[in-house]
Amino acid sequence: MAAPLTLNERAMRLADHMAANAAALRIDVLTTAAGARILDCGVRAEGGLNAGLGLARVCLAGQAEVGLVPGDCGGVPCLLVQVITDNPVIACMASQYAGWQVQVGKFFAMGSGPMRAAYGKEELFDHLPGRETAPVAVGVLETRRLPDDAVIAHLAEKLQLPANKITLLAAPTFSMAGNLQVVARSLETALHKLHELRFDLGQVVSGCGTAPVPPVAGDWLSAIGRTNDAILYGGRVVLWVRADDGQIAEIGPNVPSSASADHGEPFAEIFARYEQDFYKIDPQLFSPAEIVFHNLKTGRAHAFGRSAPEVLRKSFFGAV
């Protein structure tokens, strides 16, 4: 019997499909001098909604379904990006979570995708499953610049792979594709918050998350504000778990973003108040607006949090 595919091999199949359909996706496929493959999904290439869906699927290593569904943003029609998975911890925490800060010289990017599992040096992997040895590596870079030869050499060394076994997908947050893939993290954000609250993620069986896709911003700072607001004030997550109802009732009120004293203002205003220092912001804020637990152990459901359409309207459209 053939060995199961690694997360990176699964993501490579998705990246191959995107490369084969580059023109339709409005992306560019580049090969560096060392042989690494770069899929430009919004840095110089235009990209689009389907490129964003592709980015999100690669981030999740093919362990989740990602799609767009119609929704509402404070009375204004919008699209919601929806993520559904029966393997939430591996999909979101071992792969999608932007846990690798890639910094080489003046280049900086937040790294997501299954290359994190191949690298495996984040402390997160000391507590959660997902580390792997893979013959290839695939990563998504949230960046305004395409990675150069120095970045490729850095990643090849960290991953212990030749450059021609590495595929990187790149897009800034203020692009159509980058905007969408960031907002496709409502479920991941909920799981990360639960992990920080010391909830055993092994109890999470399945998950679904939605969040509104904001208007594409014209600059990095505005994009950071809108994409965070989409999750903080419009993200809705449903988890199927096997846990004690008492534990859920105790931890639940602390999971949604409304648990934070900073909740209630557009993220751009909060960010400015803290001098654009993420680490000064209350970490309780970084979670979806609403979360529902369906307890398979007892048949009970528990709901926490609230959406804030008025904040979304102010953030997205400049009106209350």
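Give me the log10 of I(q) over I(0) for the stretch 30-121 at q = 0.11, 0.12, 0.19, 0.22 Å⁻¹, as the Debye formula computes it from C-alpha points; what are the numbers?
Calculated log10 I(q)/I(0) at the listed q: -0.41, -0.49, -1.06, -1.23.
Identify all lysines with a Cα-Cα distance to Lys165 below 21 Å; exclude those on the same chain that are fewer than 8 residues away in sequence.
Lys121
Among the lysines, which fall within straight-line cross-link reach of Lys314, defined as a Cα-Cα distance under 30 Å, with same-chain neighbours fewer than 8 residues apart omitted?
Lys193, Lys280
How large is the accessible surface of Lys193 in square angstrom, using a 1.4 angstrom probe and rounding to the nearest 10?
10
Can you return the aspartates and glutamates within cross-link range of Lys297? Criterion is Cα-Cα under 12 Å, with same-chain partners fewer than 8 residues away left out.
Answer for Lys297, where 12 Å is the Cα cut-off: Asp244, Asp245, listed by chain and number.
Return the inverse of the average 1/r over all pairs of distinct C-alpha atoms in the chain, which is the Kirkwood hydrodynamic radius, in Å to one decimal.
19.6
For Ser287, what residues show an amide H to amide H distance below 5 Å, using hydrogens built from the backbone and excluding near sequence neighbours?
Distant-sequence amide H within range of Ser287: Ser257.
Per the Kirkwood formula on distinct C-alpha pairs, the Rh of the stretch 78-165 is how many angstrom?
13.9
Using the Kirkwood radius built from alpha carbon pairs, what does the Stokes-Einstein equation give as D for the stretch 91-244 at 25 °C and 0.890 mPa s, in µm² per second?
It comes out at roughly 149 µm²/s.
Looking at the stretch 258-309, which trypsin sites (Lys or Arg not before Pro) are DSSP coil and have at most 14 other C-beta atoms within 10 Å of their C-beta?
For trypsin sites (Lys or Arg not before Pro) across the stretch 258-309 that sit outside H, G, I, E and B with at most 14 neighbouring Cβ atoms in 10 Å, the list reads Lys297, Arg300, Arg306.
Can you give the Rg to Rh ratio for the stretch 216-320, taking only C-alpha atoms and Rh from Kirkwood?
1.05
The values are calculated or read from the model by the stated rules, or taken from the named source; none is laboratory data. What you are looking at is a predicted structure, and each value in this text was computed from that prediction instead of being measured. Please note: Cβ atoms are built from the backbone with ideal geometry, for glycine as well, and neighbour counts cover all protein chains shown. To get the accessible areas, we keep the full protein, side chains included, count just its heavy atoms, and leave off ligands, DNA and RNA. Shrake-Rupley method; radii C 1.70, N 1.55, O 1.52, S 1.80 Å.
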